[in-house]
Amino acid sequence: MITIAESAFDPARALEAFRAANPGCGAIVSFVGGVRARAYDGGSLETLRLEHFPGVTERSIAAIVDAACTRWEISAVSIVHRVGDLAPGEAVVFVAVGAPHRRAALEAADFVMDYLKTEALFWKKEISDRGETWIDPRGDDYKDAARWND
Amino acid sequence: MITIAESAFDPARALEAFRAANPGCGAIVSFVGGVRARAYDGGSLETLRLEHFPGVTERSIAAIVDAACTRWEISAVSIVHRVGDLAPGEAVVFVAVGAPHRRAALEAADFVMDYLKTEALFWKKEISDRGETWIDPRGDDYKDAARWND
Amino acid sequence: MARLLFFGRLADRAGGRRRERSLGDDVLSVADLIAALAAEDAALGDALRDISVKYVVNETVVGVDYPIGDDDEIAFLPPASGG
Amino acid sequence: MARLLFFGRLADRAGGRRRERSLGDDVLSVADLIAALAAEDAALGDALRDISVKYVVNETVVGVDYPIGDDDEIAFLPPASGG
């Protein structure tokens, strides 16, 4: 399930819902990405502003999920991604992957997170006490995603 | 934090507590291991019975956490492990690792899970409709743990 | 009227996230549209021609020579960064 | 009286998870204790001598020659399997 959340969401509740919907999973790996207090410009972050392309963004995520489901024996994937104005400490993204065995769940979650960073259609701007900066994927993000091309 | 849970615990609440205790984490990776419905003997699982060695088991887990903290730049680790009689679907183990960056959190969680399987002092017996079986780590579990010896 | 969408830093550059524009007889492709926009705002033109920008017409990623008309939605996407 | 603890499958083999036992003058090490237990129950002796079994005296992992006495807690641990 893919959810674009326009306002703050609770990752713990997302995990609870995922477990309830997938009672048979032997292993669930989840990831929560949060807004950091420090901006890339070195200042103190006030707001992380995330925008997306409604419809197209959801499909870009669905393509990542489909790729993970083809590659690993996993039972379910759930992704919640925030948009709008976020404060430090708020959750940006929640990813849960359920599988019969932990290695598949773990690798698939890793893969999904790597591709969300580089392929999912979100754009983010940091607004700090020093100014505004659009955030591009870091070189490391591209390197992480490239690990899966073998 | 290391918790041995004598009765059923809620992984979502454990994640909630972890986030509340570690508000600065950019990345949190969590793992939930659940009791499967199918026993290794091919039968239908009725009870998974887990025992531990009070005091010594906690220290065996602490040693794993210490090793992870030495190896990766991580901010916090929380582990909840059930003992007693578990029914299918119940959570056996919860691991959460918080870090400034996702790769460290992910690798450390992977490491902790691998070592919990082979080094943490728990013993488990499956009671299915076909009988009782003590469960040893699988060959794959040892192989997974050995990946970290480089 | 064609609908133009600008995302991320391109919206800042274009001075807005959306625009309507009559393409006229000279604008037959994405490349033509960029040329027309560049004639009015050279910096925006350069930004839209950047190798990292994706063109999406009616929710499908296309090449720069893709044909467009006044019924189309043309979106300009800078590098995305989720998660 | 020494306290003997058996975990996992070894508890089933020993017919209980804990036992008290006066070690006497002949039992000076873990190896001696296993020999004494084996004299009463050969199958249990074999199980305790298995290469995969760990010996823990007063909560510290020790070798089979470790000295023990009547004040000690001696635990026998088969391969563990958490998670």
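Points worth noting:
- Pseudo-label separations to other copies for residue B:85 - Cα-to-Cβ vector, 7 Å, nm: 5.6
- Pair-distance distribution P(r) for region A:32-120, from all Cα-Cα distances in 10 Å bins starting at 0: 16, 42, 29, 12, 1 percent.
- In units of the compact-protein estimate 2.2 N^0.38 Å, chain D shows a Cα radius of gyration of 0.99.
- Overall form of chain A per C-alpha gyration tensor (a/c, 1.5; a/b vs b/c): prolate
- Each of A:76, A:106, A:25 was placed along the dipole of chain A (beta-carbon charges, centred on the mean Cα), and the one lying farthest toward the positive end is A:25.
- Between 0 and 90 degrees, the angle of helix A:102-118 with respect to the longest Cα principal axis of chain A falls at about 30 degrees.
- The charge dipole of chain B, taken about its Cα centre with unit charges on the Cβ of Lys, Arg, Asp and Glu (plus for the first two, minus for the last two), comes to roughly 300 debye.
- When both bridge partners sit in chain C, DSSP labels roughly 75% of those beta bridges antiparallel.
- Shielding score for B:110-118, defined as the mean number of other chain Cβ atoms within 10 Å: 4
- Beta bridges per DSSP, both residues in region B:1-122: antiparallel share near 85 percent.
- Per-pair calculated FRET efficiency, R0 = 25 Å: residue C:58 and residue A:49 via Cβ, rounded to 0.05: 0.40
- Peptide A:122-135 shows a mean partner chain C-beta count of 3 within 10 Å per residue C-beta.
- Percent RCO, i.e. relative contact order, over chain D, from Cα pairs under 8 Å lying at least 6 residues apart: 40 percent
- Estimated FRET transfer efficiency (residue B:143, residue D:1; beta-carbon r; R0 41 Å; 0.05): 0.45
- In a DSSP loop and with at most 15 other Cβ atoms within 10 Å, the trypsin sites (Lys or Arg not before Pro) in region C:1-75 are C:17.
- Magnitude of the charge dipole, chain D, Cβ model with Lys/Arg +1 and Asp/Glu -1, debye to 20: 460 debye
- A Cα-only calculation for the protein assembly as shown places Rg and Dmax at 28.7, 108 Å.
- Each Lys and Arg contributes +1 and each Asp and Glu -1, all at the Cβ; summed about the Cα centre of region B:94-150, the dipole is approximately 140 debye.
- When you restrict to C-alpha pairs under 8 Å that are six or more residues apart and normalise by the size of chain A, the relative contact order lands at 34 percent.
- Acute angle (nearest 10 degrees) that the helix D:30-40 long axis makes with the longest principal axis of chain D, alpha-carbon atoms: 90 degrees
- Simple rule: put +1 on each Lys or Arg Cβ and -1 on each Asp or Glu Cβ in chain A, find the dipole, and look at A:61, A:40, A:50; the Cα lying farthest toward the positive end is A:61.
- Bins of 10 Å from zero: percent of alpha-carbon pairs in region A:105-150: 25, 43, 24, 8, 0
- Cross-link pairs A:143/C:54; A:143/B:125; A:117/B:143; A:143/B:143; B:143/D:54 - those with Cα-Cα distance over 32 Å: A:143/B:125
- Average beta carbon contacts from partner chains per residue of D:48-59, 10 Å cutoff: 1
- Take the Cβ atoms of residue A:85 and residue B:132, set R0 to 60 Å, and the FRET efficiency comes out at 0.60.
FYI, it's all coordinate maths here, none of it is from the lab. Since the model is a prediction, treat every value here as computed from it, not as a measurement. Cβ atoms come from the backbone with ideal geometry, glycine included; neighbour counts cover every protein chain shown.
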